[in-house]
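Participant: Would you mind keeping the following structure in view while I ask a few things?
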Amino acid sequence: MKTLQFLVIGKNQEILDTLKRIIENNEGWKAEIKSEESLCYDYLKENQVDIVLLSSGLEEQFEKDIKVFCENLDQEVKVIDHYGGGSGLLKNEVYALFPNLQP
């Protein structure tokens, strides 16, 4: 099974912690969480990331900027706008991007 590396970005620490727990409850899924937007760019340049998960509390301009940044990286990074809905929705969002990973 492919290991998926997530970068979860948001402003609510409780939600970020919950998303990390939900993500890492899936075999082979690992998550790094960031609440400071400025740190995300260097993290993406220095680490292999498969999915950037945008959570709540982010400014609209940052969301646009980080999407463009991800498109211009040497690696393929997919972006999910995730604003809640539970673990089932999150899995469906991931499987829509990586259909070969569906059980």
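The values are calculated or read from the model by the stated rules, or taken from the named source; none is laboratory data. The shown structure was predicted, so the numbers you read here are calculated from the model rather than taken from an experiment. Neighbour counts run over all protein chains shown; Cβ positions are idealised from the backbone, glycine included. Just so you know, the surface numbers come from the protein's heavy atoms only, side chains and all, with ligands and any DNA or RNA stripped out. Shrake-Rupley method; radii C 1.70, N 1.55, O 1.52, S 1.80 Å.
Participant: Taking L54 as the residue in question, decide whether it is surrounded by 12 or more Cβ atoms within 10 Å (Cβ to Cβ) and within 14 Å of L90 (Cβ to Cβ).
Facilitator: In short, yes.
Participant: Let me ask something else about it. With respect to N92, determine if the residue is open to solvent by less than 70 Å² (accessible area, probe 1.4 Å), closer than 18 Å to E24 by Cα and of a type in the set (S, T, N, Q).
Facilitator: No; evaluated as a whole, the condition is false for this residue.
Participant: Working carefully through the options E63, E76, find the one that is at negative phi, modelled with pLDDT of 95 or more and under 14 Å from the mean Cα position of the chain (by Cα).
Facilitator: Criteria check complete, one pass: E63.
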